[in-house]
């Protein structure tokens with residue numbers, strides 16, 4: 001039987017994990033792919049740096065043409081990351097006749113249309129299981145296993161770095177900066193973790209899932225997003241007192257006006273599956289009209305979990321399943337089924353957690369409540385602790401609202417933040433009160 | 001484009017759910033299958049009984065030959081359930097050239113080899129996503145998405161009826177009989193729930209998963225199994241006191257001696273994902289050597305969740321993905337990869353929860369502890385409450401052991417149950433202390 005030759009472009013952490021699996025588990029992978037699989041070539045500009053896996057001699061090269069010019073290489077794995085040169089490389093790979101497997105959510109979120117059009121023209125496929133949720137098979141679940149369903153909502157923890165930091169803050173009552181430092185020390189956060197902690201990474205992944213599930217072609221930059229860099233350890237304490245954890249939730253939900261999309265730190269009730277997701281784990285809760293609720297949980301990043309998804313895509317591509325899936329899904333094409341457009345974010349309803357820093361003087365609560373009332377926002381509960389939490393005559397006041405519209409809430413807070421009795425910007429978070437128990 | 005005609009054999013609860021999806025969501029399903037899909041025929045011996053879904057005129061028939069004789073029907077869904085006539089029907093369907101989709105775990109666990117050999121000879125496929133875990137895509141996860149991994153263990157709640165009953169007992173402190181009655185009243189348990197509550201249903205599903213993940217061809221009847229009919233509400237109370245829930249766990253785990261397999265009520269530590277699975281839900285925790293832990297959770301039974309999995313298989317079969325998967329997996333064939341054989345159950349290690357009913361007299365604990373010690377079973381903790389729980393001079397004594405071998409435990413209990421101070425058979429359950437947190 002003809003050997004299926006595979007190339008990897010980008011020999012970083014994930015790349016060396018994929019290489020390790022393809023080399024060390026070659027027999028297993030060949031058996032499951034139905035014919036011999038061989039790692040023919042690994043391309044990286046740096047061929048001298050030491051990695052934690054040593055390639056067979058002659059496999060590592062700086063020269064991309066060793067892939068594009070070799071007609072025997074059937075599958076090329078793009079693990080360069082980022083936009084350029086990754087975009088140019090993927091286009092070259094496709095045009096030279098390679099089927100592509102990628103873990104690059106930024107590239108897909110930004111240039112999906114161009115890359116998928118190119119693949120269609122070249123008669124080749126792109127597989128993307130590793131781009132969202134690392135080792136969790138969420139792309140296969142939505143794109144294949146739940147194909148009988150209209151997906152109604154996706155609520156997910158898609159950024160392991162943020163979840164690790166929030167877990168540190170919650171469990172060790174550690175402040176944000178110290179938790180980020182701990183995440184960096186343990187390798188869960190990069191030196192510059194901006195894309196992780198400001199919600200951009202989660203928004204890119206959400207844009208891909210929303211496209212897959214709802215046909216929506218969303219510009220990820222237009223997804224309203226708030227990162228965890230706005231979360232104070234005090235909020236985690238108040239949330240706990242109210243019976244909630246704080247998670248960076250990415251939400252895509254069909255509503256009458258279209259698709260509600262946002263990424264934001266969200267209070268999730270203790271005991272619900274998403275609230276119990278700790279450390280660097282990811283989780284995705286999908287609701288479909290036939291299946292009801294499906295909850296998937298696992299490692300959303302890291303070398304071997306991501307490599308597991310990449311190699312599954314390599315096997316699928318060699319078996320021919322990817323070609324079928326690629327055509328059936330028609331991602332980023334005009335043919336894509338009835339695309340749902342994003343609704344007006346201001347019309348998204350929700351409950352909110354608010355933390356005000358206000359003067360400890362009579363009448364302040366009445367003033368705040370008055371503004372909220374004028375915007376038709378009603379109060380569900382209030383916490384104000386005794387003066388041991390008071391600093392320089394300023395106290396924290398926490399309010400949980402009943403359901404209100406995003407737009408009304410924004411306007412009310414703009415007004416409140418201009419009041420003389422209010423110090424610092426008011427902290428605002430969504431509350432997820434959806435029936436999320438396992439019952 | 002040629003219409004893909006589909007038949008359903010068996011028009012019960014699941015059958016009418018599948019028919020409903022195929023008829024009401026015909027446009028959606030056709031789009032996802034890449035060409036028009038039509039429910040051509042539904043076969044059932046009873047064509048007069050009222051169902052909650054009314055078929056288009058002329059579709060319902062008593063006559064199986066309307067399927068086997070119609071060359072235009074490409075896919076036949078077997079939802080007859082049980083062994084016969086389901087076995088004969090599936091063989092006829094395959095021989096007449098139909099690809100089969102089935103939700104029948106009993107049939108697969110019992111006659112998988114014969115059916116799959118028949119399908120291979122006929123050049124047709126069998127799809128089985130709905131046979132295990134209802135709407136949870138566990139077959140696709142193990143058979144496809146985790147194909148880069150050696151699966152190391154599967155720990156699962158596979159019987160929703162049992163889980164519902166245990167949840168009732170735990171949350172409402174209701175006894176076993178009352179909880180079964182409640183499950184029957186709500187439609188979660190059949191009039192005769194024996195196969196569900198005695199662990200047989202879970203053992204059949206475990207046999208299928210173990211075959212898929214480990215290549216093991218296990219006779220499900222040889223899987224050691226204990227049902228929830230042995231669990232007393234007192235055990236749930238003691239477990240809670242110790243920080244555990246009791247779940248009917250089905251376990252398949254690679255050990256040096258082969259494959260450890262069993263189904264039994266098991267103490268699972270509070271806060272671990274499996275402990276939080278409530279009501280009629282199922283969940284599967286898979287550990288793979290690359291991906292680490294993946295946890296899947298959803299409705300494991302019921303009309304529409306099961307129909308969701310069946311229709312996904314129908315779509316996959318029409319798209320041609322099932323044919324590839326069917327060949328790649330080579331289930332129930334001699335070619336199946338290095339089959340693992342079941343190890344000696346007596347050599348399976350584990351921690352145990354023991355509840356003795358003993359005379360409330362001096363020296364009893366010493367006597368029990370002596371027997372355990374002679375079998376090298378060491379005690380981790382003991383609970384004995386004050387005499388308010390004493391009835392007729394008999395008290396409950398609960399012991400949690402450190403790790404011990406199944407065989408040694410069995411022998412020790414045989415000896416203990418012969419002691420004069422011991423009343424009733426000792427209750428024994430496994431304790432799952434595997435690191436199961438989300439961290």
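The values are calculated or read from the model by the stated rules, or taken from the named source; none is laboratory data. Note that the structure is a prediction, hence the values are computed from the model and not measured. Note: ideal-geometry Cβ built from the backbone for every residue, glycine included; neighbour counts use all protein chains shown.
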(request) Determine, yes or no, whether residue B:39 is over 29 Å from the mean Cα position of the chain (by Cα), crowded, with 19+ Cβ neighbours inside 10 Å, more than 17 Å from residue B:317 (Cβ to Cβ) and assigned by TED's automatic domain parsing to the domain that holds residue B:122. (result) no
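Among the residues of region B:43-57, how many are surrounded by fewer than 10 Cβ atoms within 10 Å (Cβ to Cβ) and either more than 24 Å from residue B:90 (Cβ to Cβ) or touching a helix residue (DSSP H, G or I) at 6+ places or on another chain (Cβ under 7 Å) (or both)?
Initially, region B:43-57 is screened for residues surrounded by fewer than 10 Cβ atoms within 10 Å (Cβ to Cβ), giving B:48-50, B:52, B:57.
Within this subset, residues satisfying the condition of being either more than 24 Å from residue B:90 (Cβ to Cβ) or touching a helix residue (DSSP H, G or I) at 6+ places or on another chain (Cβ under 7 Å) (or both) are B:48, B:50, B:52, B:57.
Residues in region B:43-57 being surrounded by fewer than 10 Cβ atoms within 10 Å (Cβ to Cβ) and either more than 24 Å from residue B:90 (Cβ to Cβ) or touching a helix residue (DSSP H, G or I) at 6+ places or on another chain (Cβ under 7 Å) (or both): 4 in total.
Please find, within region B:89-130, the residue that is surrounded by the fewest Cβ atoms within 10 Å (Cβ to Cβ) out of those that are within 14 Å of chain A (Cβ to nearest Cβ) and outside any strand (DSSP E or B).
Within region B:89-130, the subset within 14 Å of chain A (Cβ to nearest Cβ) is B:101, B:103, B:125, B:127-130.
Still in the list and also outside any strand (DSSP E or B): B:103, B:125, B:128-130.
Numbers: B:103: 28, B:125: 25, B:128: 27, B:129: 29, B:130: 28.
Per the criteria, the residue is B:125.
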(request) Would you be able to say whether some residue in region B:368-379 is surrounded by 13 or more Cβ atoms within 10 Å (Cβ to Cβ) and touching a residue at least 60 places away in the same chain (Cβ under 8 Å)? (result) no
(message) Residues that are surrounded by fewer than 24 Cβ atoms within 10 Å (Cβ to Cβ), without any contact (Cβ under 8 Å) to a residue 24 or more places away in the chain and within 14 Å of chain A (Cβ to nearest Cβ): does region B:148-157 have at least one?
(response) no
(request) State yes or no: is residue A:207 within 23 Å of residue B:31 (Cβ to Cβ) and part of a helix (DSSP H, G or I)? (result) yes
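For the condition over 30 Å from the mean Cα position of the chain (by Cα) and at positive phi, what is the one hit in A:58, A:82? Walk me through it before giving the result.
Details: A:82 fails: over 30 Å from the mean Cα position of the chain (by Cα).
The unique qualifying residue is A:58.
A quick yes/no check of all residues on (1) in contact (Cβ under 8 Å) with a residue 24 or more places away in the chain; (2) more than 9 Å from chain B (Cβ to nearest Cβ); (3) out of contact with any strand residue (DSSP E or B) (no Cβ under 6 Å at 6 or more places or on another chain):
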| site | (1), (2), (3) |
| --- | --- |
| A:242 | yes, yes, yes |
| A:259 | yes, yes, no |
| A:265 | yes, yes, no |
| A:277 | yes, no, no |
| A:284 | yes, yes, no |
| A:288 | yes, no, no |
| A:292 | no, no, no |
| A:304 | yes, no, yes |
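Out of all the residues in region A:182-192, is one or more away from chain B (no Cβ under 14 Å), at negative phi, surrounded by fewer than 24 Cβ atoms within 10 Å (Cβ to Cβ) and part of a helix (DSSP H, G or I)? Please lay out each step first, then the result.
Of region A:182-192, the ones away from chain B (no Cβ under 14 Å) are A:184-185, A:187, A:189-192.
From the residues that got through so far, the ones that are at negative phi too are A:184-185, A:189-192.
Now drop any that are not surrounded by fewer than 24 Cβ atoms within 10 Å (Cβ to Cβ), which leaves A:184-185, A:189-192.
Those still in the list that are part of a helix (DSSP H, G or I) too: A:184-185.
Yes.
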